[in-house]
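See below for the structure under consideration.
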Amino acid sequence: MKELIRTEELAKIYENDGVETHALRGVDLSIQEGEFVAIVGPSGSGKSTLMQILGCLDRPSKGKYFFEEREIHTYSDEELAKIRNERIGFVFQAFNLLPRLSVLDNVMLPLIYRGTSPKEREQKAKKVIELVGLSDRIDYHTSRLSGGQKQRVAIARALVTDPKIIFADEPTGNLDSKSGEVVLRFLQDLNEEGHTIAIVTHESYVAQSARRMLHIVDGEIDKDEVITKRRIVAQEGFSK
Amino acid sequence: MAVSGIFVHKSRSILTTLGIVIGITSVMVVISVGESAQGLVLQEIQQFGPSNVFVLPGKEPKGFTEGFGTLLNDSLKQKDIDDMAKIPNVVGVVPYAFGTALVSFESESERRTIIGSSHSSQENFNLEIESGRYFDTFDVDQKARVAVIGYDIKEDLFGQTDPIGKKLRVKNTTFQIIGVLASKGQGSFVDYNDSIFAPYPVVQRDVLGTKHFQRVAVEADSVENVSNVVLDIERVLRENHNIDDPEKDDFFVQTQEEVANSIDMITGVLTVLLGCVAAISLVVGGVGIMNIMLVSVTERTREIGLRKAMGATRKSILYQFLTEAILLTGGGGILGVCLGIALTFLAVSLAHSFLDISFPAVISIKGIVLGLGVSTMIGIIFGVFPARQAAKKAPIEALRSE
């Protein structure tokens, strides 16, 4: 397997009114292509900070971050934006869809910043919308969708650029358990197909559906384990 | 993308556009109407050649209200007219005595302006005859009771009947109609279509019952000689009126230049006053645009964060907001210009039908540029500046904002 992500002594220090908060204290980790990693830990442990840095949404204060051997820690804002656009997909707890745009427009959004032609944008978006089972809602404003449907739109949006890795930050956090299961099942399916996935969660049943678990405590990797008894989420199909 | 942003935030877009429309419309209407009025007056003046000067009775008015005094002053008499004609370099002296009188034909009767003058008034006012003829020197010398009527008077009193040769009663005197004027727009002090022109001796004696003139046009043989002629006129009239001290003059001479200047000044003051009103509305509109833009960008910080997370660069975010601001303010601007043009025409036509002042609608380029410029600037500055701040934030910070 090829190494996708490597960090060396990754640290993040927030400074607030002269008070320093060490969110990450020297994290060394490596993620291979095709992995399904759950980053777990109590709130305030730094797991979200780690995901944000790995997702190129934020910069480390110290240490090195390599993504496909690129030295991300040296990158400018513009270069980071390009990496996010071409290599990374995001699924957020709060969905972060543009409520007054249609499903199709939301999914096409990342492709705009890539300069994809409108025709190709629509083709690609329609394909992933079908994949998440929302073809019949393609023209709906996303404000009219249920939580589970919204998160599926978000997954479609993350997938449309065919990223190297998808980061999901508490993707089931705002969903009822049934919709949460559907989303997890979907992430598992994507992983089966070869997508690399990193999921941040504080719920163990969610983490159990991954293949590897990284425990973060006080900004450090406390435990890095392979999940032996993996929970395979039941195939329920998408509720429409 | 920017276009969809506009349609997605409909109420915001409508409000912003409204602010701009109000600002531009008011500025445009005010400046256009001002310039229209100015254009009318200047055009009217240019009609009398620059070698013409006007002699008016009374003291030279210093302000708006004093102007009426000249109509009542009776200092300019026949002898003055005759003497001014003898001044070297003077090629024509055209006296005017005017007033309103009840005009009747058969059972129809209406109040109209009657203007008594010499035959040269035709040339002075650039009057065209539709039928018949204008009165000549012979008619004036003979104190002939002949009249030339304006186009509207013919229409109103005679309808289809040919008025030439008909008898028209003006007050208690019967005039024979010898000509009808071609239709002509409003002048600065007369509505040609609604006036009756007749030799001044009859008008003075039989209609107005006066012996003075309200206005005398004196033409010099060349523009260069105008200043000399003015001095001569002042000398002759002071002598006739027994005045030693120029301060006590009971007449004054206006050159075309002075007339143009004084009118220019009056309309200029008006334009500035109205312009202030317009500027206030532009500011109010601008504050509206400012508010809505600021609020919307703050509201959309999360959107900016999301777009950045999806790979938008700072530049593309700025570009989006700039395009939105330009489209909004530009769209509002075009709407405002159209509305401004429409309202200017409306104002001009209202002035025509209610105030009986007709002047051509001039669409002020100055107004368009000013209105468009200011509101677009406001829209762009307040649309883009906060967006720039938001775009500077790390995407995760922007995403977290509520």
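A few points about this structure:
- Flag for A:Val27 being of a type in the set (A, V, I, L, M), away from chain B (no Cβ under 14 Å) and at negative phi: yes
- Pick from the range A:1-35, criterion surrounded by 17 or more Cβ atoms within 10 Å (Cβ to Cβ), assigned to a strand (DSSP E or B) and out of contact with any Asp or Glu (no Cβ under 9 Å at 6 or more places or on another chain), ranking: modelled with the highest pLDDT: A:Ala11
- Considering B:Glu303, B:Glu402, the condition of being closer than 24 Å to A:Phe167 by Cβ and modelled with pLDDT under 80 is satisfied by B:Glu402 alone.
- Filtering the range A:166-182 to residues that are more than 14 Å from every other protein chain (Cβ to nearest Cβ) and either touching a Ser or Thr at 6+ places or on another chain (Cβ under 6 Å) or among the small types (Gly, Ala, Ser) (or both) leaves A:Gly173, A:Ser177, A:Ser179, A:Gly180.
- Selection of the range A:206-229 for residues being surrounded by fewer than 14 Cβ atoms within 10 Å (Cβ to Cβ) and not acidic (Asp, Glu) yields A:Lys223, A:Val226, A:Thr228, A:Lys229.
Residue-by-condition table, conditions (1) in contact with a Pro (Cβ under 6 Å, 6 or more places away or on another chain); (2) at positive phi; (3) within 14 Å of chain A (Cβ to nearest Cβ):
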{"site": "B:Asp264", "(1), (2), (3)": "no, no, no"}
{"site": "B:Ala278", "(1), (2), (3)": "no, no, no"}
{"site": "B:Asn291", "(1), (2), (3)": "no, no, no"}
{"site": "B:Leu294", "(1), (2), (3)": "yes, no, no"}
{"site": "B:Arg300", "(1), (2), (3)": "no, no, yes"}
{"site": "B:Ile317", "(1), (2), (3)": "no, no, yes"}
{"site": "B:Gly340", "(1), (2), (3)": "no, no, no"}
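- Residues considered: B:Thr255, B:Thr298. Of these, the only one that is in contact (Cβ under 8 Å) with a residue 60 or more places away in the chain, surrounded by fewer than 18 Cβ atoms within 10 Å (Cβ to Cβ) and either among the β-branched types (Val, Ile, Thr) or within 30 Å of A:Gly115 (Cα to Cα) (or both) is B:Thr298.
- Criterion (modelled with pLDDT under 75, in a helix (DSSP H, G or I), among the aliphatic types (A, V, I, L, M) and closer than 16 Å to B:Val30 by Cα) met by exactly one of B:Leu343, B:Leu282, B:Leu339: B:Leu282
- Among the residues listed as B:Thr16, B:Thr25, the single one being surrounded by 20 or more Cβ atoms within 10 Å (Cβ to Cβ) and modelled with pLDDT under 75: B:Thr16
- Checking B:Leu370, B:Leu328, B:Leu399 one by one, the residue that is surrounded by fewer than 22 Cβ atoms within 10 Å (Cβ to Cβ) and over 16 Å from B:Ser36 (Cβ atoms) is B:Leu370 and no other.
- Which listed residue, of B:Ile178, B:Ile233, B:Ile263, is part of a strand (DSSP E or B), in contact with a helix residue (DSSP H, G or I) (Cβ under 9 Å, 6 or more places away or on another chain) and either within 25 Å of B:Lys77 (Cβ to Cβ) or in contact (Cβ under 8 Å) with a residue 24 or more places away in the chain (or both): B:Ile178
- Positions within the range A:102-126 being without any contact (Cβ under 8 Å) to a residue 24 or more places away in the chain and away from every other protein chain (no Cβ under 13 Å), in sequence order: A:Ser117, A:Lys119, A:Glu120, A:Glu122, A:Gln123, A:Lys126
- The set of residues in the range B:319-344 being β-branched (Val, Ile, Thr) and without any contact (Cβ under 8 Å) to a residue 40 or more places away in the chain consists of B:Ile334 alone.
- Hits in the range A:73-101 (condition: more than 9 Å from chain B (Cβ to nearest Cβ), over 16 Å from the mean Cα position of the chain (by Cα) and part of a helix (DSSP H, G or I)): A:His73, A:Thr74, A:Glu79
- Of all residue pairs spaced 6 or more apart or on separate chains, those with beta-carbon atoms under 9 Å, a first member in the range B:352-367 that is farther than 26 Å from B:Ile24 by Cα and outside the structural domain of B:Tyr192 (by TED's automatic domain parsing) and a second member that is modelled with pLDDT of 75 or more and surrounded by 12 or more Cβ atoms within 10 Å (Cβ to Cβ) are B:Asp356/B:Asp191; B:Asp356/B:Asp194.
- Considering residues of the range B:183-230 that are assigned to a loop (DSSP other than H, G, I, E, B) and of a type in the set (A, V, I, L, M, F, W, C) only, the residue modelled with the highest pLDDT: B:Phe213
- A:Leu57 being at pLDDT below 95, under 26 Å from A:Val217 (Cβ atoms), within 14 Å of chain B (Cβ to nearest Cβ) and not in a loop (DSSP other than H, G, I, E, B): no
The values are calculated or read from the model by the stated rules, or taken from the named source; none is laboratory data. From a predicted model like this one, the values you see are computed outputs, not experimental measurements. Every residue, glycine among them, receives a Cβ derived from its backbone with ideal geometry; neighbour counts consider all protein chains shown.
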